[in-house]
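Q: Got a structure here, written out as structure tokens. Questions coming.
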Amino acid sequence: MQTIQVELSLPTNSVLNDTYKIQKVMATSKLSIVYIAENNNGGDKVIIKEFFPHDIALRDLDNKTVVNRLPSTKQKFKELKEIFHNEAFIMQQIDHRNIVKYIEHFEENESIYIVMDYYEGMLLDQYLNKFQIQERDHLYSDIFLPLMKALCYLHKKGILHRDIKPSNIMIDSEGNPYLLDFGSAIFYKTAENYQIFTSSGYSPLEQYSYKSEQGVYTDIYSLAATFYFSLTNVIPMDISQRLIEDRIENVRYYNKKVSILLSQTIMWGLSVHAKRRCPSLKYIELIISLEHNINRIRTYLKVNNSK
């Protein structure tokens with residue numbers, strides 16, 4: 001998500017649901033505007049995500065009501081609003097320590113608002129800037145193992161996130177990771193077709209189709225892509241560039257500190273074709289745990305040998 005022009009957003013100090021006072025715009029995506037707000041019943045900060053499809057929406061004269069721009073996009077507006085409502089419904093089903101916490105949702109201003117806990121911290125892509133790629137061993141146990149537990153939790157509930165990437169992972173002030181943004185999420189076991197939502201470099205081939213089967217392996221690709229970026233500072237080559245001739249570089253091309261086993265596991269997760277892709281988060285979790293323990297032993301031996 002990116003910072004947006006203030007004129008598209010709700011005015012500062014607008015009150016929603018007789019409870020939440022808008023403080024400032026935090027970010028935007030194609031379908032939403034995200035605000036930091038204050039709960040008037042206690043003063044706690046919250047995050048509020050507003051349905052606002054930028055390509056086809058406008059503010060009415062009251063500078064609050066969200067309206068469809070043209071008669072020709074009326075059906076599209078309705079469909080997108082239903083997708084946003086589905087996001088709120090999915091978030092209602094989720095309660096995990098490493099997933100952004102849902103508070104409530106409501107309709108107002110001809111729009112939908114999802115209210116979530118506020119976290120003091122930064123997005124993963126910003127957090128990584130604090131460390132050289134050779135100094136990221138802590139990511140294994142502190143960031144990726146908790147995220148995989150959160151994903152396993154989702155998958156057991158029949159939910160695919162479908163948009164795992166560094167800008168959808170928040171690291172709070174204590175170093176805890178949180179998975180954000182369920183705008184692309186679906187109940188994959190009952191879905192008959194799939195809305196196409198993609199992020200360049202992070203989305204697998206099957207997400208570019210309404211009909212292609214999607215499953216746990218779909219999130220595995222995006223997680224592997226996020227892991228790849230976190231260990232290399234390089235966004236993986238987009239899937240569209242890998243179809244004819246796959247020239248994606250191995251993780252170790254950029255970071256020799258990563259073991260051969262872990263690098264091969266990440267590349268397995270990035271397989272173009274779903275049937276050739278790593279099918280289980282448990283396997284990746286095992287390899288990451290092994291890598292973490294080996295690095296701990298190396299550090300211990302290095303410290304003791306230097307005494």
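The values are calculated or read from the model by the stated rules, or taken from the named source; none is laboratory data. Just so we're clear, the structure is a prediction, and the values are computed from it rather than from any experiment. Note that we place each Cβ from the backbone using ideal geometry, even for glycine, and neighbour counts take in every protein chain shown. Side chains are part of the model used for accessible areas, which takes the heavy atoms of the whole protein and leaves out ligands, DNA and RNA. Shrake-Rupley method; radii C 1.70, N 1.55, O 1.52, S 1.80 Å.
Q: Going through the cross-link list LYS130/LYS256; LYS24/LYS157; LYS49/LYS76; LYS24/LYS130, which pairs have a Cα-Cα distance over 28 Å in this structure?
A: LYS24/LYS157
Q: Follow-up. Give me the percent of the accessible area of the chain that comes from carbon and sulfur atoms, probe 1.4 Å, all protein chains in place.
A: Roughly 50 percent, rounded to a whole number.
Q: Something else now. Mind checking which of LEU58, LEU124, LEU270 has the largest fluctuation in a GNM of the chain, springs on alpha carbons under 10 Å?
A: With Cα springs under 10 Å in the chain, the top fluctuation among LEU58, LEU124, LEU270 is at LEU58.
Q: Hey, another quick one. Anyone know which of ILE56, ILE288, ILE83 comes out most mobile in the 10 Å Cα GNM of the chain?
A: It is ILE56.
Q: For the chain, what is the mean residue ellipticity at 222 nm derived from helices alone (per DSSP H run of n ≥ 4: -39500 (n - 2.57); sum divided by total residues; nearest 500 deg cm²/dmol)?
A: It lands at -9500 deg cm²/dmol.
Q: Taking every pair of alpha-carbon atoms in region 111-235, give the share separated by more than 25 Å as a whole percent.
A: Every Cα pair in region 111-235 considered, those over 25 Å come to 26 percent.
Q: Taking the Cα centre as origin and putting +1 on Lys and Arg beta-carbons and -1 on Asp and Glu beta-carbons, what dipole magnitude results for region 190-307, to the nearest 20 debye?
A: For region 190-307, the charge dipole is close to 760 debye.
Q: So for the chain, taking the charge dipole from beta-carbon charges (+1 Lys/Arg, -1 Asp/Glu), which of HIS155, LEU290, TYR208 sits furthest toward the positive end?
A: LEU290
Q: Along the charge dipole of the chain, which of LEU281, ASN168, LEU61 sits closest to the positive end, that is, farthest toward it, with unit charges on the beta carbon of Lys, Arg, Asp and Glu (+1, +1, -1, -1)?
A: Highest projection toward the positive end goes to LEU281.
Q: To two decimal places, what compactness ratio does region 164-237 give when its Cα radius of gyration is scaled by 2.2 N^0.38 Å?
A: Rg over 2.2 N^0.38 Å, computed on Cα atoms: 1.17.
Q: For the chain, what is the accessible area per residue in Å² when the probe is 1.4 Å?
A: I get 51 Å² per residue for the chain.
Q: Normalising by the residue count of region 173-307, find the relative contact order in percent from Cα pairs under 8 Å and 6+ residues apart.
A: Relative CO of region 173-307 lands at 20 percent.
Q: Please state the charge dipole magnitude for region 29-153, taken about the Cα centre, from unit charges on C-beta atoms (+1 on K and R, -1 on D and E), reported in debye and rounded to the nearest 20.
A: The calculated dipole for region 29-153 is roughly 360 debye.
Q: Quick one: putting +1 on the C-beta of Lys and Arg, -1 on the C-beta of Asp and Glu, what dipole do you get for the chain around its Cα centre, in Debye to the nearest 20?
A: Roughly 1240 debye, rounded to the nearest 20.
Q: Going toward the positive end of the dipole of the chain, with +1 on Lys and Arg Cβ and -1 on Asp and Glu Cβ, which of GLY183, LEU16, ILE99 do you reach last?
A: ILE99
Q: From zero up to wherever the largest Cα-Cα distance of the chain sits, split into 20 Å bins and tell me the percent of pairs in each.
A: With a bin width of 20 Å, the distribution comes to 31, 55, 14, 1.
Q: Between the alpha-carbon centers of region 109-150 and region 185-205, tell me the distance in whole angstrom.
A: 21 Å
Q: Go ahead and set up a Gaussian network model of the chain, Cα springs under 10 Å, then flag whichever of ASP163, ASP125, ASP60 fluctuates most.
A: For the chain, modelled as a Gaussian network with Cα springs under 10 Å, the answer is ASP60.
Q: Calculate log10 I(q)/I(0) of region 23-173 for q = 0.12 Å⁻¹, where I(q) comes from the Debye formula with a single equal point scatterer on each Cα and nothing for solvent.
A: At q = 0.12 Å⁻¹ the computed log10 ratios are -0.61.
Q: Shifting gears a bit: Taking the C-alpha atoms of region 195-272, how large are the radius of gyration and the largest Cα-Cα span, Dmax, in Å?
A: Here Rg and the maximum Cα pair distance are 12.4, 40 Å.
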